[in-house]
Amino acid sequence: MPSPSMFTGHCSSMLELSSQMQSLHLAGLSPTELTEFVEGLGEPAYRARQIFAGLHQRRLRSFAEMTDVPKELRAKLGKRSTASTLTVESRYVSADGTRRYLMKTHDGFPVETVFIPEKRRDTICFSSQSGCPLQCTFCLTAQLGLLRNLTAGEIVEQIIIALNDAYGVSVKAPRGTNLVGMGAGEPFLNFESLMRAIRIMAEPDGLHIVPRRVTVSTAGIAPRIRELATIPARPHLAVSLAAPTDELRNDLIPINKKWPLNELLGACEDFQKSLKPGERFTFEYVMLDGVNDSDEQARQLANLLNRYELRAKVNLIPHNPAEPLPYQPSPAARVETFREILESKGIHAFVRQPRGRDILAACGQLAARGATNLAQTASEFAPAKVESLAI
Ligand code: SAH
């Protein structure tokens, strides 16, 4: 094992994983850390560059495939570390081409990733946590509770797995790749691992998916929005709003009680100051039939965003239903009227088409459901203690 001091201060998630499994997951290391590790094995630095390229550029998931690395070194690596930790349990393909991967961590927790083929550029939606501690009433993932945070390596590996499946191992994404951190979990409650993964994925000698191709969505962890504003190479921000008043938002997104709309939108105001010219951020608004979709609520939403002078665009997402969630999607005509009201008050609003609903791959449908029980919540995963979370 590398000495813990070697990574002090900036690698807690990695050390956590290595102590759990007694093996270091190399996909979660930056090039510099990988070099330190490889040099610690008494090997020259260029071997680290080969290994980094093997993991991230060629997307190899075992040392055995790295045939440019000597056999003895591959054996040495295998004793102390691992190239991959996730296993794909199932893959579901939607009628619209969307693919959902249900994977498992080395310690048995579910991880879901969605590949969404698009005309211009394909998108991969990754998870930041196994399960989710937030108890949003319209989201199926909430029913799992938080199982655990994912490590940076586990986040990176989700993208490697999806790309390999979509295009073939080592085959370059033909049109580049967009990433959205909109899968299971609240990314801003796993901020350090998330940002570490984003930095690793941006490496030109690796996946080379730069932060401006990445959008991260939060249910409203206000202090992290402010922190994100200070990071130069940062991903785009999306904020899940779902309601124009605290009263309703407290019900739908209970974390609102901790950071109510004035705090959340205050943080967004600060974030807006950090935008480059022409850059935008996004609000997501799930449309729940008869709950948050009236003309009056559209006006309240527009007035709210205008009051804070937020020049964000609003994405309206018709609710993706799943048993036993007690909501139905707003009818298309209602969504359109809502959109028109926002536009009439100067708010740019777009309707998002749901993808992968038939395989429970759409927004808010990720709950580790398998093929035989697409209609049931997986109950074999015991939710972790939510109180241990610093929220
Ligand atoms: N926890 C983060 C990341 C998840 S993103 C967040 O809340 O932003 C998932 C997006 O899908 C969020 O905008 C959420 O509001 C939305 N969503 C959740 N459940 C949904 C559902 N059943 N139908 C449509 N959208 C949903």
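The values are calculated or read from the model by the stated rules, or taken from the named source; none is laboratory data. Just so you know, these numbers come straight off a predicted model, no measurement behind them. When we count neighbours, we look across all protein chains shown, and the Cβ atoms used for this are built from the backbone with ideal geometry, even at glycine. The protein model used for the area step is the full one, side chains on, heavy atoms only, and it has no ligands, DNA or RNA in it. Shrake-Rupley method; radii C 1.70, N 1.55, O 1.52, S 1.80 Å.
Of everything in segment 307-323, what is assigned to a loop (DSSP other than H, G, I, E, B) and open to solvent by 80 Å² or more (accessible area, probe 1.4 Å)? Give them in sequence order.
The first filter runs over segment 307-323 and keeps only residues assigned to a loop (DSSP other than H, G, I, E, B), leaving 308-312, 319-323.
309, 311, 323, listed by residue number.
Matching residues to (1) farther than 20 Å from residue 138 by Cα; (2) within 16 Å of the ligand (Cβ to nearest atom); (3) among the basic types (Lys, Arg):
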| position | (1), (2), (3) |
| --- | --- |
| 303 | yes, no, no |
| 324 | no, yes, no |
| 333 | yes, no, no |
| 357 | no, yes, yes |
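Among 350, 283, 271, 338, which is more than 13 Å from the ligand (Cβ to nearest atom) and part of a strand (DSSP E or B)?
350
Any chance you could count how many residues in segment 172-182 are more than 16 Å from the ligand (Cβ to nearest atom) and touching a helix residue (DSSP H, G or I) at 6+ places or on another chain (Cβ under 8 Å)?
4
For segment 37-57: of the residues being surrounded by fewer than 19 Cβ atoms within 10 Å (Cβ to Cβ) and either in contact with a Ser or Thr (Cβ under 9 Å, 6 or more places away or on another chain) or of a type in the set (Val, Ile, Thr) (or both), which is nearest to residue 172 (Cα to Cα)?
Only one residue tops the list, namely 57.
For the subset of segment 243-258 comprising residues that are among the β-branched types (Val, Ile, Thr) and either in a helix (DSSP H, G or I) or open to solvent by 10 Å² or more (accessible area, probe 1.4 Å) (or both), which member is farthest from residue 138 (Cα to Cα)?
Checking each candidate, the answer is 245.
Check segment 132-148 and report whether any residue there is part of a loop (DSSP other than H, G, I, E, B) and within 21 Å of residue 178 (Cβ to Cβ). Spell out how you get there, then give the answer.
Initially, segment 132-148 is screened for residues part of a loop (DSSP other than H, G, I, E, B), giving 132-139, 145.
Those still in the list that are within 21 Å of residue 178 (Cβ to Cβ) too: none.
Scanning segment 132-148, I find no residue that is part of a loop (DSSP other than H, G, I, E, B) and within 21 Å of residue 178 (Cβ to Cβ), so the answer is no.
Collect the residues in segment 342-371 that are open to solvent by 70 Å² or more (accessible area, probe 1.4 Å) and modelled with pLDDT under 85, keeping them in residue-number order.
371
For segment 199-207, state whether one or more residues are out of contact with any Asp or Glu (no Cβ under 9 Å at 6 or more places or on another chain) and within 15 Å of the ligand (Cβ to nearest atom).
No: zero hits.
Exactly one of these conditions fails for residue 119: (1) open to solvent by 60 Å² or more (accessible area, probe 1.4 Å); (2) over 30 Å from residue 363 (Cα atoms). Give me its number.
Every condition holds for residue 119 apart from (2).
Just wondering, is there one or more residues in segment 259-266 that are in contact with a Pro (Cβ under 7 Å, 6 or more places away or on another chain) and either open to solvent by less than 10 Å² (accessible area, probe 1.4 Å) or under 21 Å from residue 353 (Cα atoms) (or both)?
no
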